[in-house]
Each structure stands twice: as structure tokens, then as C-alpha cells.
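Please treat every number below as a calculation from the coordinates, not as lab data. Bear in mind the structure is a predicted one, so any value in this text is a computation, not a measurement. Glycine also receives a Cβ, built like all others from the backbone with ideal geometry; neighbour counts cover every protein chain displayed.
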Amino acid sequence: MTDYSNKVAFVTGAASGIGYALCQSLLAKGAKVMMADVDEAGLTEAIAKLGGASDTLSSVVCDVRNAGSVKAAADHTLEIFGKIHIVMNNAGVALAGQSGRTDLNDWQWIVDINLMGVVYGVEIFTPLIKAHGEGGHILNTASMAGHMTTEYMPPYHATKYAVVGYSESIAQDLIKHNIRVTCLCPTWVKSNIASSGRGRPSAQTKTTKPVEMVKAAQSSVAALVANGMDADRMAELTLAMMAEGRMHVFNDPEARPAIDIRAKTLAEDYDAALAWMKAN
Ligand SMILES: NC(=O)c1ccc[n+]([C@@H]2O[C@H](COP(=O)([O-])OP(=O)(O)OC[C@H]3O[C@@H](n4cnc5c(N)ncnc54)[C@H](O)[C@@H]3O)[C@@H](O)[C@H]2O)c1
């Protein structure tokens, strides 16, 4: 989608960080924007910061963990704006942890938001984009954590790798319907993501306490996010890459070597198996 003017965009996780900045950039480019978030107070504040609800800006409370809530938000968007061209499945949370020591309810929580939230957005909105025949664009927010791993965040990496694979798969089919798919894969961006773990089930029941190493990882993530790219710049870069029809959007020169390192490791493992098969 090269021209955003008069296109209707639905954005989740819109009350804060990258989602908010995407809404701001879309509005500046002439799009009509429906901001969706589970945080009602944050949404009200965000709408006010953008000048208040208008013919081109509206909001809806939506919990992406719940397919019914996403469907209701889609119906509301159609009622307000008539059609939908751009869907940004951006809402997400972070969770640090170690294997064998992560509360299973926390696992379910992050999968429900980071993966199923994206799936519901794609499944519910794709037929609505196809229906008007004007084409469209789906942006799924993954992360650089969907292309490289650290030892402290297995659930986050699992959900983000899943979103990358899911996005690459659906892109092959949806292009036939003039719907592009882009996967946003940032490294650090200034936002409130570092405090999102407070919403995890174990934080409510206080049944588990993070071990020292995980606590250290959490505070180092908080510092990296605080020093990350400005969300406004991330949003501008994202819309530019979407306009180019890019599959992935990256943002960090320092993380670039990780792509080559992974490709090299995969090739070496592949070749080792081929060599064994040849010899046996
Ligand atoms: N900030 C970074 O460094 C970074 C890096 C890579 C990827 N990401 C990804 O970017 C996306 C946006 O995060 P952010 O960094 O702007 O964080 P953020 O915490 O500032 O914003 C996330 C928004 O998602 C909303 N949200 C959380 N659970 C929700 C739910 N169940 N339903 C609807 N909305 C919900 C929150 O209320 C919040 O407004 C996430 O998917 C995150 O994983 C962020």
C-alpha cells in the first residue's frame, strides 16, 4: 500500500508505544484510524493527545486475547468507517523466564496475546479486506526476538518466532488477493513494554518470584528499551517499508550480524546432516 490517504486502518496496542506512534503517522498521511487497546484509560488519553475523536479518528476497547472482542471491534470499525484496508496486529507483552521455571499460566498469557491476538486479527479482518476488493495491508508486530534468541526470554521468543513464520506463510496466499503482509521486527524501541510483565497471571497471585538472573534480564531490557529508537521514527520507517512492499521491517544496525550468524549456523547443521547421510 503506497498511498495511505483515505485508507481505513485498525491498530491494536494503540494506546502506547509503537502502536500509538503508528496511529499518529497514519493520521498524518491522511488515513482514518481506529485505535484499539485493552487499556481503556490509556486509550482515552491517547485519543486526547491526538486531538480527540473526529471523522478520521476513533477508538474501541478490545482485548486481543478474546476472538469475540476482536470481532466486536471489527464490527464497530465497519460501522464507523464503512470499510477496512489496513490492520496492524501490534498489541504485545514481554515475559522473561527460564525453562522449567516459568509459570504455565504466564506461558498461556503471553501466547494468547502475542500469538493468538495476531491470529484473531488476521482471521477476522482478512475477509473484510477481501470483501471490498480494493486491496489492503496487514502488519503483524513480531520482533528481532523472532529471528534471534537470548537465554532469558523463551516464551517471548517462542511467540515472536511464531508470528514471523505465520506472517511469511499467509503472505504467500494473500498477495493473490492484493493484500500485502509485513512483519515488524524491531530491536529496542522506546515504549512501556518493559513494564508489561506486570499483567502476567503470576504477578497477580504472587505465586512465583523471578529468580535473580531473570530480574537482572528484566532491568537490562528496561534500560535497552529506554535507550531505544524513538517510536515515532519506528513508525515512519515501518510505513515506508510497508509502502515498498517489504516482508520484514528491522531497525537496529547492531543486531544485523545476528541474521548472518543464524544463516551460517543453519547451513552448517544442514551440511552436517547431508554429510552424514552421504557417508551412511
Ligand atoms: N519496544 C520494543 O523495544 C519492542 C521491540 C520489539 C518488538 N516490540 C513489540 O511491539 C509491540 C508493541 O509494544 P510496545 O513496545 O509499543 O509496548 P507498549 O507496552 O508501550 O504498548 C503495548 C500496548 O499493547 C496493549 N495491550 C497489551 N495487552 C493487550 C491485549 N490483551 N489486548 C489489547 N491490547 C493490549 C497495552 O495496553 C499497550 O497499550 C509488541 O508486540 C512488542 O512485543 C517492541
Sites matching GluC sites (Glu not before Pro) across the stretch 114-177 that sit in DSSP coil, with at most 14 neighbouring C-beta atoms within 10 Å = 134, 151
Which far-off residues, 5 or more places away or on another chain, put their amide H under 5 Å from the one on residue 188, with H placed in the peptide plane?
-> 229
Relative contact order as a percentage, the stretch 8-249, C-alpha pairs under 8 Å and 6+ apart, gives 21
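Can you tell me the length gained on complete extension of the stretch residue 203 to residue 176, counting 0.36 nm per residue apart and subtracting the Cα distance?
Details: separation 27, 0.36 × 27 = 9.72 nm, distance 4.43 nm.
Length difference between fully extended and current span is 5.3 nm.
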Take the Cα atoms of the stretch 8-249, build their convex hull, and give its volume per residue in Å³.
-> 112
Among 117, 228, 146, whose mean-square fluctuation peaks in a Gaussian network model of the chain (Cα, cutoff 10 Å)?
-> 228
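Given N residues in the stretch 84-147, what is its alpha carbon radius of gyration divided by 2.2 N^0.38 Å? All intermediate terms of the calculation are to be shown ahead of the outcome.
Working: Rg = 14.9 Å, N = 64, 2.2 N^0.38 = 10.7 Å.
With N residues counted in the stretch 84-147, Rg over 2.2 N^0.38 Å equals 1.39.
Quick one: which of 29/71; 71/190; 83/130; 160/264 span more than 19 angstrom between C-alpha atoms?
Numbers: 29/71 27 Å; 71/190 30 Å; 83/130 10 Å; 160/264 21 Å.
Pairs exceeding 19 Å: 29/71; 71/190; 160/264.
Taking only the alpha-carbon atoms of the stretch 1-104, what semi-axes of the equivalent ellipsoid follow from 5 times the gyration tensor eigenvalues under a square root, in whole Å, largest first?
26, 15, 13
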Cβ-based net charge around residue 105, under 12 Å, with every Lys or Arg adding one and every Asp or Glu removing one = -2
